[in-house]
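See structure below.
The values are calculated or read from the model by the stated rules, or taken from the named source; none is laboratory data. Note that the coordinates shown come from a computational prediction; the quantities given were computed from them, not determined experimentally. Methodologically, a virtual Cβ is constructed for each residue, glycine included, from the backbone with ideal geometry; neighbour enumeration extends over all protein chains shown.
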Amino acid sequence: MIVELGHFALILALAVAIIQSTVPLIGAERRNAAWMAVGDPAAVVQFLLVGFSFAALTYAFVVSDFSLSLVVSNSHTLKPMIYKITGVWGNHEGSLLLWVLILALFGACAVWFGGNLPPQLKARVLAVQGMIGVAFLLFMLLTSNPFLRLAVPPLDGQDLNPLLQDPGLAIHPPFLYLGYVGLSMSFSFAVAALIEGRVDAAWGRWVRPWTLAAWVFLTIGIALGSWWAYYELGWGGFWFWDPVENASFMPWLIAAALLHSAIVVEKRESLKAWTILLAILAFGFSLVGTFIVRSGVITSVHAFANDPERGVFILLILGVFMGGALTLFAARAGVLEAKGVFGMVSRESALVANNILLAVSAFVVFFGTIWPLVAEMVFDRKLSVGEPFFNAAFSPFVVALAAILPLGAMMPWKRGDGARAMRPLWPVLVLSMALGALAWSMQTGRTALGPVGVILGVWVLGGALVDLWARTGRGALAGRFARLGRLPRADWGKAVAHGGLGVTIFAVAAMLAWKTEDIRVVMPGGSYALGPYEVTLVDVREVEGPNYQSTMAELRVMRGGEEVAVLFPEKRIYPVAGMPTTEAAIDYGFWRDVYLVIGDPQENGGWAVRSYIEPFANWLWGGCMLMALGGLLSLSDRRYRVAAGARRAPVAGVPAE
Amino acid sequence: MSGAGTRGRVTLGLQAAAVALGLLVAAPVQAVQPDEMLADPALESRARALSKGLRCLVCRNENIDDSDAQLARDLRILLRERLVAGDTDAEAVAFLVDRYGEYVLLNPPATGANLLLWVAGPAMLLAGVGIAFASFRRRSAVSGDTLDEAERARLAEILKE
């Protein structure tokens, strides 16, 4: 019964979304306050209905209702409760419902937090958000209904893919979707502004928090996914340039560009058309990502629904929304006149450079991702585009970005002086070069990647600190320290996020360049040297888990006669899903992770053991978290909380109530 | 990264069948195995480096160095045989490309249509910079905010007085 109600709520939500996407739009066109006001309750009701529907599906998973086809193929009575719940979005239909839930949530948030928006703009934003809702609710109801019943329910389910039975991966999709779908708000604001034909500083201030929130969630989601790959897949890799990873990375890059260009709109009323275009493209890439994940057209390690019918539907959604928005853009971009002028050497120019690098790098990733498809369809060449290509084609953009970042961030608005902006940065540059040279001399005979990572990392991190310090002005040290605490949150956010980028760049380079690897056969009781450590295989035994069987090794890691850690890597087999997994055992550390994997038994009674020392591994995720924290700090800046009222349009007629 | 991974997916069908028949599930082979490795560290490190650029043909987007699939193991061993036989890196890779097509290369060679792929990034960068410059010049020409050389000299004179 509850399941049927959930299904019904979804259909009602579609009806409400149709109203939300039309009535406020017409109201805004005719300046009819009553019609415009329909958007508010519609968005909230749509959210409540989809929320109920999601709760109904969750209930079905929790009680293991095997009359539901989705529960059968993704759950099992023996599965731990947390994975019964996360199993709701561990599949195509359920994750799509989560997608729509978050879409509706953002619509409702626009109502709850959009009190300071002019009614016309708000009505239009909600209407566009409603249209996206209509498209995806239709997609779900027509091609991917999660509420399909089975005529003959089986006694038990087929279990969730064991790889997904992991806490890291359980919370990874919700964050990613909050990011993907959050970009729909930027899109809605862009389209609403195009319909209105007006973009000003206030618009920049309104659109930026949504973009910032989406970007923060995307950052966390991508970092979680990368961390999961690192500890779960069993060889310490953290990024594979897989099409589905790229699908989340492209919107992240464009959103990062959008964040920066929205600042120019807000502070200087310039780059308006470009910012609108980025807002459209950011959501466009998010839809492209949805297409890549769910159509199965491009092969990826992340198999989801591989159904051509669904692929065509998403392509249709992509075509309608991108085609519509870009047409509108072409027609209206001309009226978006820039007000602020700026010199060739200025903060604005630096941000333009940032935008070009981020946008082009996103397109490089896009080209590489779709190239196998294009090559096969157009040139009849069956080829692969993998890690080596992306490393070669993408990395130069990161290097260029990191190289200009500190200087650009300290450049004054309107017109600057390069030499002057560079003055406080010279010590940082010298320090980064010195540390790079030190790294180079210490690692004779290895790639230049490590030292380059040190240089860029120190340069960006140090630049961020110098930038923050420079904001405290001049005068006595004590006074400057006091002022440091009173700086706007946006300044702190900028420094923390940029610093996080520096840490991340360094960690990526360090992990790629300085990783130690060892593959060997070890007899039980035997020892081997791994870098400065001595590792002993104490024992290997069979262990029974709740819904799996495990072969668990016990390895003791010693250093200089002292015990560092005892680690238990496992090989698991999930009999219901019929799938083996590798559970690496990791001793996490500040400077390095010791990463051990147990392999197969050998004929001589020994075991294959793979061991890695991953230098600075935690710095990678720490850097990502710093970036996200910077975004959150910036989001909490006072200027987004106080009424932004730069252009509250006089309300025509009487309010709706 | 939503969705399922494929580690071991290739063996999945087989194992499902084994489970159905009540047989013991065979353990999958895992990435590079100790028994495949060459005694000569120089040759082995060449093999590892080359492996990272070669695709496991039955997997989705995994290189043969990381893959658990049986075919990846076969390719790793084949590659090592070629290196032991005295092939250069290029010859060993060419041997695999002859047999499996360019699909096996994770780094698409910059030949023919692939040039488009390789040139796309730099070309777009140039275009982006070009457009930025053009619009910058147009803007400063229209705005009248910037002064030409003569005006600037005149301004400096006034300021000096």
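Is it the case, given these coordinates, that B:Ile64 is modelled with pLDDT of 80 or more and within 27 Å of B:Asn114 (Cα to Cα)?
Yes.
For segment A:198-219, give me the residue count where each residue is among the charged types (D, E, K, R) and crowded, with 24+ Cβ neighbours inside 10 Å.
1
Would segment B:128-135 turn up any residue that is at pLDDT 90 or above and touching a helix residue (DSSP H, G or I) at 6+ places or on another chain (Cβ under 9 Å)?
Yes, that holds for at least one residue.
Name every residue in segment A:70-95 that is under 22 Å from A:Leu49 (Cα atoms) and in contact with a Lys or Arg (Cβ under 8 Å, 6 or more places away or on another chain), in order of residue number.
Of everything in segment A:70-95, those that are under 22 Å from A:Leu49 (Cα atoms) and in contact with a Lys or Arg (Cβ under 8 Å, 6 or more places away or on another chain) turn out to be A:Gly87, A:His92.
Cβ-Cβ distance below 8 Å, separation of 6 or more or different chains: which pairs start in segment A:350-363 with a residue that is within 8 Å of another protein chain (Cβ to nearest Cβ) and free of Cβ contacts under 8 Å to residues at least 40 places away in the same chain and end on one that is among the aliphatic types (A, V, I, L, M) and part of a helix (DSSP H, G or I)?
Between residues of segment A:350-363 that are within 8 Å of another protein chain (Cβ to nearest Cβ) and free of Cβ contacts under 8 Å to residues at least 40 places away in the same chain and residues that are among the aliphatic types (A, V, I, L, M) and part of a helix (DSSP H, G or I), the close pairs are A:Ile356/B:Leu125; A:Ile356/B:Val129; A:Ile356/B:Ala132; A:Val360/B:Met124; A:Val360/B:Leu125; A:Phe363/B:Ala120; A:Phe363/B:Met124.
Out of segment A:588-612, which residues are among the polar types (S, T, N, Q) and surrounded by fewer than 23 Cβ atoms within 10 Å (Cβ to Cβ)?
A:Gln602, A:Asn604
So A:Phe54 passes all but one of these: (1) surrounded by fewer than 17 Cβ atoms within 10 Å (Cβ to Cβ); (2) within 23 Å of A:Trp99 (Cβ to Cβ). Which condition number does it fail?
The single condition A:Phe54 does not satisfy is (1).
State whether one or more residues within segment B:60-79 are out of contact with any Lys or Arg (no Cβ under 9 Å at 6 or more places or on another chain), in a strand (DSSP E or B) and buried (at least 22 other Cβ atoms within 10 Å of the Cβ).
There is no residue in segment B:60-79 that is out of contact with any Lys or Arg (no Cβ under 9 Å at 6 or more places or on another chain), in a strand (DSSP E or B) and buried (at least 22 other Cβ atoms within 10 Å of the Cβ).
Among the residues that make up segment A:486-502, is at least one of them touching a helix residue (DSSP H, G or I) at 6+ places or on another chain (Cβ under 8 Å) and assigned to a strand (DSSP E or B)?
Looking for residues that are touching a helix residue (DSSP H, G or I) at 6+ places or on another chain (Cβ under 8 Å) and assigned to a strand (DSSP E or B), one finds none in segment A:486-502, hence no.
Checking the condition surrounded by 19 or more Cβ atoms within 10 Å (Cβ to Cβ) and more than 27 Å from B:Leu71 (Cα to Cα), which residue from B:Leu83, B:Leu115, B:Leu125 passes?
None of the others qualify; the one that does is B:Leu125.
Assess whether A:Ala553 counts as being modelled with pLDDT of 90 or more, closer than 25 Å to B:Arg48 by Cα and buried (at least 16 other Cβ atoms within 10 Å of the Cβ).
no
Taking strands (runs of 3 or more DSSP E) that do not extend beyond segment A:557-626, which have at least 1 residues that are within 9 Å of another protein chain (Cβ to nearest Cβ)?
A:570-574, A:579-583, A:592-601, A:607-615
Kindly provide the set of residues from segment A:59-117 that are at pLDDT below 90, in a helix (DSSP H, G or I) and among the aromatic types (Phe, Trp, Tyr), ordered by number.
The answer is A:Tyr83, A:Trp89, A:Phe113.
Kindly establish whether A:Ala577 is out of contact with any Lys or Arg (no Cβ under 8 Å at 6 or more places or on another chain) and surrounded by fewer than 17 Cβ atoms within 10 Å (Cβ to Cβ).
For A:Ala577, the condition - out of contact with any Lys or Arg (no Cβ under 8 Å at 6 or more places or on another chain) and surrounded by fewer than 17 Cβ atoms within 10 Å (Cβ to Cβ) - is not met.
Checking the condition away from chain B (no Cβ under 11 Å), surrounded by fewer than 20 Cβ atoms within 10 Å (Cβ to Cβ), under 21 Å from A:Glu348 (Cβ atoms) and not charged (D, E, K, R), which residue from A:Pro406, A:Pro412 passes?
Going through A:Pro406, A:Pro412 in turn, the sole match is A:Pro412.
Among the residues of segment A:64-71, is any surrounded by fewer than 19 Cβ atoms within 10 Å (Cβ to Cβ), more than 14 Å from every other protein chain (Cβ to nearest Cβ) and touching a strand residue (DSSP E or B) at 6+ places or on another chain (Cβ under 6 Å)?
Among the residues of segment A:64-71, at least one is surrounded by fewer than 19 Cβ atoms within 10 Å (Cβ to Cβ), more than 14 Å from every other protein chain (Cβ to nearest Cβ) and touching a strand residue (DSSP E or B) at 6+ places or on another chain (Cβ under 6 Å), which makes the answer yes.
Just give me the residues in segment A:82-138 being of a type outside the set (A, V, I, L, M), more than 22 Å from the chain's Cα centre (by Cα) and within 23 Å of A:Val199 (Cα to Cα), in sequence order.
Those that are of a type outside the set (A, V, I, L, M), more than 22 Å from the chain's Cα centre (by Cα) and within 23 Å of A:Val199 (Cα to Cα): A:Trp112, A:Phe113, A:Gly114, A:Gly115, A:Asn116, A:Pro118, A:Pro119, A:Gln120, A:Lys122, A:Arg124, A:Gly130.
If you go through segment A:374-400 one residue at a time, how many are within 12 Å of chain B (Cβ to nearest Cβ) and part of a helix (DSSP H, G or I)?
Of the residues in that region, 17 qualify.
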